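Read-outs throughout are calculated quantities, based only on the coordinates presented, and are distinct from any laboratory measurement. Keep in mind that this is a model prediction, so the values were computed, not measured. Here the Cβ is made from the backbone with ideal geometry for all residues, glycine too, and neighbour counts use every protein chain on show.
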Amino acid sequence: MLEVDLHVHTHFSNCGLHSILEMIGYARQIGVKTLAITDHGAAVGGRVSNVFYHRFENVFSDIKVFKGIELNLIGQDGKTDMPMAQLKNMDIVLLGIHANTEIGLGAKKNTDMLIRAMEENPFIDIISHPNSREYPLDFSRLAKAAKRHGVVLELNNSKTLLNSVDDEITKNLIRACIENECQMIINSDAHAITELGRDESVRPFLEELHFPDELLLNRNPEVVDEFIRRRKKNKLV
Ligand SMILES: [Zn+2]
Ligand SMILES: [Zn+2]
């Protein structure tokens, strides 16, 4: 189980089943120590709640709650669906390729778009589910660029749990991160409480490929806190 889960959806995403409080409540129940609420950007129907970002205060002492978003690409120039001025309010920013992006562009173009986004946008912290079946990527180029920009590549538990990704593609992603010493994070990408904090679908891949522990960002909550602090400081410059 994950002590730190930085990718979770709520009612503010079309596909999220529960409220923010329900997600936090269940996370506390199962012992998650750090949770990030990361609903979708507007391009796939996500609704950013200003009230959440400006007025919600975590009242629980046994869990840390970060406020984030999962962005989408909205063009081939690496642009995303939230202005930089708004991204400044976020503790954590994920970027993933979703259904609003054309299928069939090919690995080179898909990779170019993500690399361009990392180059142009200092707020991006994590690339979510790069192992998608529909949007192939050049993992070696992606891992090199992510490392250069201090961005972490995600190992997404739900995608494997729900059989929407192929094991061999997932293993190739992990191999590219090992070869290029690029950090990874295991996230649940929970859309329902039953998916929250889970990592058992992807852990065996890390064991099989002897993934170095020091490249796993959420190996403990302190390392994640330090990552978020450091990234936020960079964003102010
Ligand atoms: Zn996603
Ligand atoms: Zn997601």
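Yes/no matrix, rows are residues, columns are (1) within 16 Å of ligand 1 (Cβ to nearest atom); (2) within 22 Å of His129 (Cα to Cα):
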site: Val4; (1), (2): no, yes
site: Arg28; (1), (2): no, no
site: Ala42; (1), (2): yes, yes
site: Gly46; (1), (2): yes, yes
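With Gly96, Gly46 as the choices, which residue is of a type outside the set (S, T, N, Q), surrounded by 15 or more Cβ atoms within 10 Å (Cβ to Cβ) and more than 17 Å from Val151 (Cβ to Cβ)?
Answer to the check: Gly46.
Which members of the stretch 12-43 meet the condition of being touching a residue at least 12 places away in the same chain (Cβ under 8 Å), exposed (fewer than 15 other Cβ atoms within 10 Å of the Cβ) and outside any helix (DSSP H, G or I)?
Matches in the stretch 12-43: Asn14, Cys15, Gly31.
Scan the stretch 38-66 for residues that are out of contact with any strand residue (DSSP E or B) (no Cβ under 6 Å at 6 or more places or on another chain) and within 16 Å of ligand 2 (Cβ to nearest atom) and jot them down.
Answer for the stretch 38-66, where residues must be out of contact with any strand residue (DSSP E or B) (no Cβ under 6 Å at 6 or more places or on another chain) and within 16 Å of ligand 2 (Cβ to nearest atom): Asp39, Ala42, Ala43, Val44, Gly45, Arg47, Val48.
Does the stretch 181-197 hold any residues that are within 16 Å of ligand 1 (Cβ to nearest atom) and assigned to a loop (DSSP other than H, G, I, E, B), and which are they?
Ser188, Asp189, His191, Ala192, Leu196
Regarding Met1, is this residue within 17 Å of His191 (Cα to Cα), within 13 Å of ligand 2 (Cβ to nearest atom) and in contact (Cβ under 8 Å) with a residue 60 or more places away in the chain?
It is false that Met1 is within 17 Å of His191 (Cα to Cα), within 13 Å of ligand 2 (Cβ to nearest atom) and in contact (Cβ under 8 Å) with a residue 60 or more places away in the chain.
Of the residues Leu173, Leu155, Leu196, only one is touching a residue at least 60 places away in the same chain (Cβ under 8 Å) and not small (Gly, Ala, Ser); which?
Leu196
Restricting the search to the stretch 47-102, which residues are among the small types (Gly, Ala, Ser) and not in a helix (DSSP H, G or I)?
Of everything in the stretch 47-102, those that are among the small types (Gly, Ala, Ser) and not in a helix (DSSP H, G or I) turn out to be Ser49, Ser61, Gly68, Gly75, Gly78, Gly96, Ala99.
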